[in-house]
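Structure first, then comments.
Nothing in this text is a laboratory measurement; each read-out follows from the coordinates by a stated rule. Here the structure is a predicted model, which means the values were calculated and not measured. Every residue, glycine as well, gets a Cβ built from its backbone with ideal geometry; the counts of neighbours run over all protein chains shown.
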Amino acid sequence: MKIIHVDDYYEMSKRAAEIVSNQLKLKPDSVLGLATGDTPLGMYRELIKKYKGAHIDFSKVKTFNLDEYCNLNKNNKQSYSYYMRENFFKHINISRRNINIPNGMAKDITKETFEYERKIINSGGIDLQILGIGTNGHIGFNEPQVKFEALTHMVNLDKQTIRDNARFFNSIEEVPTKAISMGIKTIMHARKIILLASGIKKAHVVYKSIYGEIKPTMPASVLQLHQNVICIVDKEASSKLYLNKSIRFLGGN
Ligand code: F6R
């Protein structure tokens, strides 16, 4: 795992956008795995700037989002479809037919999860996957106790995730309790992964994911087994990593 240390959220976002932009220069028809939440918002802003400055082109890019709530219409402001449209897709030249987000309103959710996985495979697989991390260590909506061998599936959201995400809703009761998420196996099949973490509330899970035991109770710890992960952490999120300075040597490369 390569760890990139940056000062703050802004720098994290710029570094992530640079990596995505370089990926598109090398392979204009890249398949990107995308995340929602607060963490990647700055990266999307930077990518939009690059697009408007004619530095990148999304016309051949395909995207697959990590997850979507069940039972939220895609025009609902809290849905991840809405988030992606408003914060990224409507500002760039991506073709609508190249955008993929799980359909949490599907009548047959199991069929939807199989089809989502099949679409990823048919697209040639994910070249670059962007990840944030939950305060319980989840990636996508792979909550603690997830099976590492899971592909895209329906999940019951963890109580901690529901509490964390209540900030986007009028009340905690409105937060959906189920979602569709790429599985850990789906994520681990990506050729390259960028894990982003910013802020003090992520410090403990960043530490456990990078140096802790690899176990389903800390889903992001599985990333230690991937050959090509770049972790971009700001000062606060990395503040527990190097309490013992000798560890820094092990982590840096
Ligand atoms: C979002 C996702 C989640 C978030 C995580 C962190 O698509 O898959 O795993 O990345 O919950 O959320 P924020 O960035 O809001 O702290």
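Overview of results
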quantity	calculated
Residue-span extension gain [ASN22 to ASP108] - 0.36 nm each, minus C-alpha spacing	27.1 nm
The chain: calculated mean residue ellipticity at 222 nm from DSSP helix runs of at least 4, using -39500 (n - 2.57)	-9500 deg cm²/dmol
Backbone N under 19 Å from the ASN87 label point (7 Å along Cα→Cβ), restricted to the range 1-32	8-21, 32
Antiparallel DSSP beta bridges within the chain, as percent of all bridges there, nearest 5	25
Within a Gaussian network of the chain (alpha carbon springs, distance under 10 Å), most fluctuating of LYS235, LYS60, LYS111	LYS111
Charge dipole (the range 128-253, unit charges on Cβ, about Cα centre) - positive-most of TYR207, GLN160, GLY183	TYR207
Over 31 Å between alpha carbons, listed pairs LYS49/LYS77; LYS74/LYS147; LYS27/LYS215; LYS107/LYS215	LYS27/LYS215; LYS107/LYS215
About the Cα centre, charge dipole magnitude for the chain (Lys/Arg +1, Asp/Glu -1 at Cβ), debye	480
Loop-exposed GluC sites (Glu not before Pro) per DSSP, neighbour cap 12 Cβ within 10 angstrom, longest uninterrupted part of the chain	1-148
Prolate/oblate/rounded call for the range 92-171, Cα gyration tensor, a/c under 1.5 rounded	prolate
Between the range 206-221 and the range 158-179, the Cα center-to-center distance that results, in Å	23
Pairwise FRET efficiency - LYS2 versus GLN78, Cβ, R0 = 35 Å, nearest 0.05	0.55
Distance from the range 126-148 to the range 1-32 (C-alpha centre basis), Å	18
Value of D in µm² per second that Stokes-Einstein yields for the range 95-253, Kirkwood Rh from Cα pairs, at 4 °C (1.567 mPa s)	78
Spacing of the two label points (7 Å from each Cα toward its C-beta) at SER59 and GLU149, in nm	4.5
The range 44-90 shape via C-alpha gyration tensor axes, a/c threshold 1.5	prolate
